[in-house]
1. Rounded to the nearest 5, what is the percent of antiparallel bridges among the DSSP beta bridges in the range 136-294?
2. Measure nothing fancy, just the Cα-based angle from helix 526-553's long axis to the longest principal axis of the chain, in degrees from 0 to 90, nearest 10.
3. Run the dipole for the chain about the Cα centre, Lys and Arg Cβ at +1, Asp and Glu Cβ at -1, nothing else charged, and hand back the magnitude in debye, nearest 20.
4. Check which residues have an amide H placed less than 5 Å from ILE243's amide H, if you skip close sequence neighbours.
5. Given the chain, what percent of its DSSP beta bridges are antiparallel, to the nearest 5?
6. With a sphere of radius 14 Å drawn around the Cβ of LEU259, what net charge do the other residues whose Cβ falls strictly inside it have (Lys, Arg +1; Asp, Glu -1)?
7. Using alpha carbons only, how many degrees (0 to 90, rounded to 10) separate the axis of helix 367-379 from the longest principal axis of the chain?
8. Report the one residue of CYS176, GLN381, TYR364 whose Cα lies farthest in the direction of the positive end of the charge dipole of the chain (charges on C-beta: Lys and Arg +1, Asp and Glu -1; origin at the Cα centre).
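Every read-out reported here was derived from the displayed coordinates using simple, explicitly stated rules and does not represent laboratory data. Fair warning: this is a prediction, and the values are worked out from it, not measured in the lab. Cβ: placed from backbone, ideal geometry, glycine included. Neighbour counts: every protein chain shown.
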Amino acid sequence: MTASANKQTKHIFVTGGVVSSLGKGLTSASIGMLLEHRGLHVRLQKFDPYINVDPGTMDPYQHGEVYVLDDGTETDLDLGHYERFTNAPLTRDCNYTTGRIYGSVITKERKGVYQGQTVQVIPHVTDEIKSAVRKLAGDDVDVVITEIGGTVGDIEGLPFLEAIRQFALDVGKNNCLYIHLTLVPYLKAAQEAKTKPTQHSVEQLRRIGIQPDVLICRTEHKLMPEMRDKIAMFCNVEPRAVIEERDKEFSIYEVPLSLVENRLDELIVEKLGLRAQQLDMNGWNAMVQRIINPAHETTIAVVGKYIKHRDAYKSIYESLDHAGIALSTRVVVRRIEAEEVEREGAEKVLGGVDGVLVPGGFNYRGLGGKIEAIRYAREKQIPFFGICLGLQCAAIEFARNVVGLEDANSTEMNPHCAHPVVCLLDAQFSITDLGGTMRLGSWPCHLAEGSRVRAAYGSESVRERHRHRYEFNNQYRQQFAAHGMMFSGTSPDGKLVEMIELPEHPWFVAVQCHPEFRSKPTQAHPLFRGFVEASLKRREAKKKAEAARSRAAIPVSN
Ligand code: GLN
């Protein structure tokens with residue numbers, strides 16, 4: 001990275017109030033994106049006040065997707081937004097939890113680093129938090145954006161808020177900007193937007209000693225000037241620093257546009273005294289236009305176990321959208337509980353879809369449904385994309401239904417099966433801890449000549465991110481190959497199976513990695529693009545065939 005135009009790294013702290021799930025991550029990512037579009041070098045990080053050391057051990061039902069970085073850190077899904085919106089490099093330094101902060105304070109205490117002092121929240125824990133913020137600053141960084149997870153008023157968030165309050169004392173108030181995201185609810189009965197929750201939440205922040213500089217107000221309706229003035233007056237901020245962030249009709253990628261309409265980028269640049277270029281949003285605007293006015297449509301079934309949680313497969317849904325953007329196509333996602341396929345049968349649940357995707361997951365619940373969905377896609381020539389557990393299920397399905405190995409399974413599901421086509425390798429055998437011990441992070445992969453994946457990537461070697469314990473069992477390679485399965489991606493030494501495909505099928509590709517962590521709205525991932533393109537082809541062919549049928553049904557008079 002080149003040196004920044006500004007001598008000192010500036011800091012933006014993003015907090016949230018009133019309710020959770022307001023979209024602080026999206027807003028932080030959007031701010032980062034706007035600053036990058038003004039030529040600034042940005043870094044982003046998130047503090048999560050919960051006690052788990054990282055979200056890796058958390059149930060996706062509670063926490064949504066676990067997002068994995070190149071360096072193997074298992075992080076909060078908001079970091080996915082950061083990567084999709086910006087080019088900021090993300091590392092282990094970009095996501096801290098209370099557990100991790102306390103972990104390092106306790107380790108230091110045991111080592112005697114505190115030299116006999118009583119170790120306390122202030123200053124020891126807050127110092128640890130501040131040093132985590134400082135880690136991202138540097139000569140090549142103009143702005144560090146630090147998002148504080150949770151909602152102002154949460155007990156567990158207090159040390160983080162205290163630390164960012166102190167931070168301005170350490171580096172000077174003119175080098176810090178506090179942005180608070182709040183909700184301005186619209187009460188139907190009163191036919192009025194209400195500012196009181198925002199006032200209360202800012203009051204909580206001020207009690208801790210933080211006066212926000214900017215308020216971003218999530219609202220369903222337009223924020224009227226009198227509302228803006230009222231919020232400004234009660235919350236002690238300038239009226240122009242009360243920014244409306246209205247709910248978006250089409251896509252999350254519209255969020256930065258509404259912030260620009262409210263001149264947020266100008267305000268930040270001015271308040272932090274940054275030297276920055278003019279804003280150039282042409283590329284982003286063109287991308288959003290393609291979302292709003294798609295030329296085609298295709299329907300993809302995502303068959304998984306955590307379907308009910310909106311965010312459990314967040315990056316997969318986003319990656320499908322990115323492929324849609326690249327192909328001017330609206331991708332309609334049908335979220336299907338794997339157990340529903342077991343109950344109702346594949347034909348009933350999947351009939352009419354143009355593509356089937358089986359995402360990652362753990363344990364046996366829904367396994368039968370996933371395998372049945374894959375069988376259906378393979379036999380009916382419906383484009384199929386398997387990811388991580390999706391590849392493992394595809395291997396089990398192929399073993400059982402094509403190779404004829406009836407009791408084929410993964411040892412994760414049945415340790416005593418007759419044919420363990422997916423199993424633990426030596427490296428995983430002796431591991432007892434659950435946290436941070438899977439095959440994680442970026443791994444190289446060699447792509448076979450003549451394979452679909454090599455054509456899609458346009459390259460013979462790639463790197464993709466991983467998060468799994470189990471692997472394809474090499475003992476079954478020959479048998480699979482003899483029945484038409486191509487091992488199209490392997491580790492460079494050929495020992496690990498990373499991608500498989502069926503050359504005779506329109507698109508049957510499964511990968512052990514998680515390509516969804518490397519897709520961007522402006523740069524769709526080649527495998528998602530290939531899969532959606534194949535699904536679209538099937539849709540268009542079906543449409544043509546239907547049109548021909550209905551033409552043939554019209555009696556011709558002469
Ligand atoms: N449960 C499987 C494994 O650990 C797959 C993991 C995943 O899909 N991320 O290997």
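1. Details: 2 of 12 bridges.
Just about 15 percent of them are antiparallel.
2. 60
3. My answer is approximately 740 debye.
4. Those lying under 5 Å, H to H, from ILE243 are LEU215, ILE216, CYS217.
5. Working: 24 of 76 bridges.
Here the share of antiparallel DSSP bridges comes out near 30 percent.
6. On the way: positive: LYS24, ARG38, ARG218, ARG240, ARG246, LYS248, ARG263; negative: GLU36, GLU244, GLU245, ASP247, GLU254, GLU261, ASP265, GLU266.
Combined, the nearby Lys, Arg, Asp and Glu give -1.
7. Rounded to the nearest ten degrees, it is 60.
8. Positive-most Cα among the choices belongs to GLN381.
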